[in-house]
Amino acid sequence: MTFSLKRHSCYLHQQSQVIWQGEQIIDADEFESYLRGRVYNRLTDAENREPCVAELTALATTGMESDFLAKFLVSEPVPEPWAVGEAIAECLLADIQNVVWPWNAERDKRTPKASLPGADLVGFFIEGNDV
């Protein structure tokens, strides 16, 4: 998915193979829509969650099961600020720099206080035929 945010470059530097750059997003309303849509969907793993919720809902055949399911689905804790920051970074890198994230780290969480092993963000930068 390509998403175009109006932005301009604030700085761009390079030392050896390392490049860093800063960009400013110009339209605050556009960025808020981006956060509420694209980033929220990444943070909540909507791509995987929505089919799962639909399947569970179809399995609930009684009122008691439906009530339990509704309570269960809203019982997730509020995301930590660092998780929101990572979701923003993932979405912006994917949409602006063509980085592919093969796996949403939300799927690796087992408990609300889980400390996930390994690197924080692993993605692939695609440029032409090179990855």
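So here's what we get for this one:
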| read-out | value |
| --- | --- |
| So Gly123, is it open to solvent by less than 80 Å² (accessible area, probe 1.4 Å) and either closer than 20 Å to Glu76 by Cβ or modelled with pLDDT of 60 or more (or both) | yes |
| Selected residue (criterion: surrounded by the most Cβ atoms within 10 Å (Cβ to Cβ)) from residues of region 25-72 that are within 29 Å of His8 (Cα to Cα) and of a type in the set (Phe, Trp, Tyr) | Tyr34 |
| Residues of region 68-96 classified as within 15 Å of the chain's Cα centre (by Cα) and either under 17 Å from Ile126 (Cα atoms) or among the polar types (S, T, N, Q) (or both), total | 8 |
| Pro79 vs. criteria of a type outside the set (Lys, Arg), part of a loop (DSSP other than H, G, I, E, B) and in contact (Cβ under 8 Å) with a residue 24 or more places away in the chain | yes |
| Residue selected from region 6-21 under the condition at pLDDT below 90 and surrounded by 10 or more Cβ atoms within 10 Å (Cβ to Cβ), by the criterion farthest from Ile96 (Cα to Cα) | Gln21 |
| Region 23-48 - residue that is in contact with a helix residue (DSSP H, G or I) (Cβ under 6 Å, 6 or more places away or on another chain) and touching a residue at least 60 places away in the same chain (Cβ under 8 Å) and, of those, farthest from Val84 (Cα to Cα) | Asp45 |
| Residues located in region 73-85, provided they are of a type outside the set (S, T, N, Q) and either open to solvent by 40 Å² or more (accessible area, probe 1.4 Å) or modelled with pLDDT of 85 or more (or both) | Val74, Glu76, Pro77, Val78, Pro79, Glu80, Pro81, Trp82, Val84, Gly85 |
| Helices (runs of 4 or more DSSP H) within region 10-66 that include 2 or more residues on the phi < 0 side of the Ramachandran plot and more than 19 Å from the chain's Cα centre (by Cα) | 28-34, 46-59 |
| Residue that is nearest to Leu43 (Cα to Cα) [pool: residues in region 86-110 that are modelled with pLDDT of 80 or more and exposed (fewer than 14 other Cβ atoms within 10 Å of the Cβ)] | Val100 |
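The values are calculated or read from the model by the stated rules, or taken from the named source; none is laboratory data. No experiment lies behind these values; they were computed from the predicted model shown. Positions of Cβ are generated from backbone atoms using ideal geometry, with glycine treated the same way; all protein chains shown enter the neighbour counts. For accessibility, only protein heavy atoms count, side chains too; no ligands or nucleic acids. Shrake-Rupley method; radii C 1.70, N 1.55, O 1.52, S 1.80 Å.
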